[in-house]
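Student: The structure that follows is given in the form of structure tokens.
The values are calculated or read from the model by the stated rules, or taken from the named source; none is laboratory data. On a predicted model such as this, the values are computed, not experimentally measured, just so you know. So basically every Cβ, Gly included, is an ideal-geometry build from the backbone, and we count neighbours across all protein chains shown. Please note that ligands, DNA and RNA were not included when accessible areas were found on the heavy atoms of the full protein model with its side chains. Shrake-Rupley method; radii C 1.70, N 1.55, O 1.52, S 1.80 Å.
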Amino acid sequence: MAETGTLKVKTGLAEMLKGGVIMDVTTPEQAKIAEEAGACAVMALERVPADIRAAGGVARMADPTVIQRIMDAVTIPVMAKARIGHFVEAQILEELGVDYIDESEVLTPADEDFHINKHEFKVPFVCGARDLGEALRRIGEGAAMIRTKGEPGTGNIVEAVRHMRRVMSEIRRIQNMPEEELMTAAKEMRAPYELVLKVKELGRLPVVNFAAGGVATPADAALMMQLGADGVFVGSGIFKSKDPAARAKAIVAAVTHYNEPKILAEVSKDLGEAMPGIEISSIEPHERMQERGW
Amino acid sequence: MKIGILALQGAFREHRKVIESLGHTAVEVRKPEQLEGVDGIIIPGGESTTIGKLMIDYSLLEPIRHMAQAGTPIFGTCAGMVLLAKDIKGSDQPRLGLMDVSVVRNGFGRQVDSFEEDINIDALGEKPFRAVFIRAPYIESISPQVGILAQLDRDRVVLARQGNLLACAFHPELTDDKRIHKYFLQMVKESKE
């Protein structure tokens, strides 16, 4: 008998997205540009993170009509964001048939204590993390894919680099620990013990791990890949730049050929202006999106 | 034997692991020169539109097509099946277009409809195969020179072979059952004899 919504098919879709670029889009036209450029999936939004940041106020799930129109426009997977802890937004997105839900700190959290119980859904979830403990807590709640939080909407890669390096170095630390130290490590990281054992066994996260939050150039994307990301989300970086189609295509090439400086040099040429960047220290700590969730 | 795994996007790492676990050499292929000396090629799952476009941009479509026509065995899973097909329903996306089949992309629906199921593959013996279908395609119509190895029902073929070409709608690289990879390696071995 056919079984749907299994962990295998949830994590499996993320495996198929590897080595690819997932692009934020707000209209069917943008979605088509992304697909044409070689995006492996799109994230359907009402506003890109840079605009959400500029607008302030409460950011919520996008209007289902916006999401539906984007789903109708492309054949690649379509993702959409729900607020942290807002399981009813997630129920609505599942009902719409989106292919992945991002329980995202880019939106204003709906619950300051509890994330969504993602095991209850047939649709898979991706969640942000700044360190290994946070990644494993989300996986424990049922996330089938992890991404760095970075600092969304800034066009500044520094936070994504920090988060990816931290996760990777903690994985290496776990790998080198004798078994008897793992329970204490789990306690200190506030991570489920079974998942810490799994990390030791695999030498990586038990699910796919993408980079997100601040990617603006092909070089940023390749940097994250060389640091160990399985693929890259680009939020504001494409459609806030001067020439989105060219930049999108260049970032796709940079993720595939992340280890080839010659190709990276070639695709980085003549892309026009990148999105305007924001220095992280100029953002008040309580306004940093990465601080949302736990 | 040396198996080239198209590594532009998708689940190439999993295929590499299976091939290496069976004692063969796997090379990731991102540029035409990496095809040199390979005995067989795997086109992995991923997004067929992404992989197709990158195959054109990095000049891999023609060399792989020529190798296939010269007899090199090719094994396509999921997106790989789509890229092997001559006809893709409702799409003019780039493809290798080698097999005389017509495929339906996302044939079972969206991700919430993705599923796993035990299927029978007579060529692999009696034990059922746990097949993982993720936004999977299926073969809708098939010409007489293509052999059906597995189907879900009369209208949906999910594993088929035409000479040196093997197309699979599901993901054998995501489970521990290596029989389909072994079947492909046997094809590669026979092609060298």
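Student: What are the ³J(HN,Hα) couplings of region A:133-150, residue after residue, when phi is run through the Karplus curve with 6.51, -1.76, 1.60 and θ = phi - 60°? Round to Hz, x for glycine and proline.
Tutor: Using θ = phi - 60°, the values come out as x, 5, 4, 6, 5, 5, 5, x, 7, x, 4, 9, 7, 10, 9, 5, 7, x Hz.
Student: List the residues whose amide H sits under 5 Å from the amide H of A:PHE210, counting only those 5 or more places along or on another chain, with H placed 1.01 Å from N in the peptide plane.
Tutor: A:ILE146, A:ARG147, A:THR148, A:ASP230
Student: Between A:ASN259 and B:HIS66, take the C-beta separation as r, use R0 = 25 Å, and let me know the FRET efficiency to the nearest 0.05.
Tutor: 0.40
Student: Now for a separate question. Let me cross-check A:PHE114: its accessible surface, 1.4 Å probe, with only protein heavy atoms counted, in Å² to the nearest 10?
Tutor: The accessible area comes out at roughly 140 Å².
Student: Further question: Let me check against my output: what whole-number percent is the relative contact order of chain B, with C-alpha pairs under 8 Å and at least 6 apart?
Tutor: Value for chain B: 19 percent.
Student: Mind ranking B:LEU35, B:LEU152 by accessible surface for me, highest first, 1.4 Å probe?
Tutor: Most to least solvent-accessible, the answer reads B:LEU152, B:LEU35.
Student: Still on this model: Work from the charge dipole of region B:2-192 (Cβ charges, +1 for Lys and Arg, -1 for Asp and Glu, about the Cα centre) and give the residue of B:VAL82, B:GLY37, B:LEU6 farthest towards its positive end.
Tutor: Going by the charge dipole, the pick is B:GLY37.
Student: In region B:33-138, which trypsin sites (Lys or Arg not before Pro) fall in coil by DSSP and have 16 or fewer other Cβ atoms within 10 Å?
Tutor: In loop regions of region B:33-138 (DSSP not H, G, I, E or B), the sparsely surrounded trypsin sites (Lys or Arg not before Pro) are B:LYS89, B:ARG110.
Student: Can you pull out the GluC sites (Glu not before Pro) in region B:103-166 that DSSP calls coil and that have at most 13 other Cβ atoms within 10 Å?
Tutor: B:GLU126
Student: Quick one: how many Å² of A:ILE263 are accessible to a 1.4 Å probe, rounded to 10?
Tutor: That residue has around 30 Å² of solvent-accessible surface.
Student: Can you pull out the GluC sites (Glu not before Pro) in region B:1-94 whose DSSP state is coil and whose Cβ has at most 13 other Cβ atoms within 10 Å?
Tutor: When the GluC sites (Glu not before Pro) of region B:1-94 are filtered for loop state and at most 13 Cβ neighbours within 10 Å, B:GLU36 remain.
Student: Still on this model: Please list, in chain and number order, the residues 5+ apart from B:GLN151 or on another chain whose amide H is under 5 Å from its amide H, with Hs placed from the backbone.
Tutor: Residues meeting the criterion, in which the H sits 1.01 Å from N, are B:VAL158.
Student: Continuing with this model, one more query. Per-residue HN-Hα couplings for region A:287-292, Karplus 6.51 cos²θ - 1.76 cosθ + 1.60 at θ = phi - 60°, whole Hz, x for Gly and Pro?
Tutor: 3J(HN,Hα) across region A:287-292, in whole Hz: 9, 6, 5, 5, 6, 7.
Student: Skip the ligands, DNA and RNA, and give the accessible area per residue of chain B with a 1.4 Å probe, whole Å².
Tutor: Solvent-accessible surface per residue comes out at 37 Å².
Student: Moving on to the next point. How much of the DSSP bridge set in the protein assembly as shown is antiparallel, in percent, rounded to the nearest 5?
Tutor: Antiparallel bridges: around 30 percent, rounded to the nearest 5.
Student: Assign unit charges at the C-beta atoms only (+1 for Lys and Arg, -1 for Asp and Glu), then state the dipole size of region B:1-118 relative to its Cα centre in Debye, rounded to the nearest 20.
Tutor: Around 240 debye, computed over region B:1-118.
Student: Using only alpha carbon pairs under 8 Å that are at least six residues apart, calculate the relative contact order of chain A and give it in whole percent.
Tutor: 19 percent
Student: Let me confirm one metric for peptide B:131-138, namely the mean number of other chain beta-carbon atoms within 10 Å of its residues' beta-carbons.
Tutor: Neighbouring Cβ atoms belonging to other protein chains average 4 per residue here.
Student: Then there's this: With each label point set 7 Å from Cα along the Cα-Cβ vector, what nm distance links B:SER143 and B:GLU20?
Tutor: My value for the distance between the label points is 3.9 nm.
Student: Just grab the label-to-label distance for A:LEU197 and B:GLU28, each label 7 Å out from Cα along the Cβ direction, in nm (one decimal).
Tutor: 3.1 nm
Student: Where in chain A is the longest stretch that carries no GluC sites (Glu not before Pro) classed as loop by DSSP and with at most 11 other Cβ atoms within 10 Å?
Tutor: The longest uninterrupted stretch comes out as A:113-272.
Student: With +1 on each Lys and Arg Cβ and -1 on each Asp and Glu Cβ, how big is the dipole of chain A about its Cα centre, in debye rounded to the nearest 20?
Tutor: 520 debye
Student: At a probe radius of 1.4 Å, figure out the A/B buried accessible area, summed over both chains, and give it in Å² to the nearest 100.
Tutor: Adding both sides of the contact gives about 3200 Å².
Student: For a quick check: with amide H placed at 1.01 Å from N, whose amide H comes under 5 Å from A:ALA41's, ignoring anything fewer than 5 positions away on the same chain?
Tutor: Placed amide hydrogens put A:VAL21, A:MET23 under 5 Å from A:ALA41.
Student: May I pose another question? Give me the percent of DSSP beta bridges within region B:2-192 that run antiparallel, rounded to the nearest 5.
Tutor: In region B:2-192, DSSP labels about 50 percent of beta bridges as antiparallel.
Student: Pick out, from A:HIS163, A:GLN290, A:ALA265, the residue whose Cα sits farthest towards the positive end of the charge dipole of chain A, with +1 on the Cβ of Lys and Arg and -1 on the Cβ of Asp and Glu.
Tutor: A:ALA265
Student: Same structure again: In region A:74-110, which residues have a backbone nitrogen under 12 Å from the label point lying 7 Å from A:GLU120's Cα in the Cα-to-Cβ direction?
Tutor: Answer for this model: A:85-92.
Student: On a 1.4 Å probe surface of the protein chains, which of A:THR27, B:THR77 comes out largest in accessible area, and what is the full order?
Tutor: A:THR27, B:THR77
Student: Just going by the charge dipole of the protein assembly as shown, with Lys and Arg at +1 and Asp and Glu at -1 on Cβ, which of A:LEU205, B:ILE148, A:GLN30 is farthest out on the positive end?
Tutor: Value: B:ILE148.
Student: If you plug each phi of region A:176-183 into the Karplus form 6.51 cos²θ - 1.76 cosθ + 1.60 with θ = phi - 60°, what whole-Hz ³J(HN,Hα) values come out, in order, with x for Gly and Pro?
Tutor: Ordered by residue, 3J(HN,Hα) equals 8, 7, x, 3, 5, 8, 6, 5 Hz.
Student: Points 7 angstrom from Cα along the Cβ direction at A:ASN176 and A:LEU7: gap in nanometres?
Tutor: Spacing of the two 7 Å Cα→Cβ label points: 2.9 nm.
Student: Determine the shielding of peptide A:71-78 by partner chains: average, over its residues, the number of Cβ atoms on other chains within 10 angstrom of each Cβ.
Tutor: Per residue, the average neighbour count from other chains is 3.
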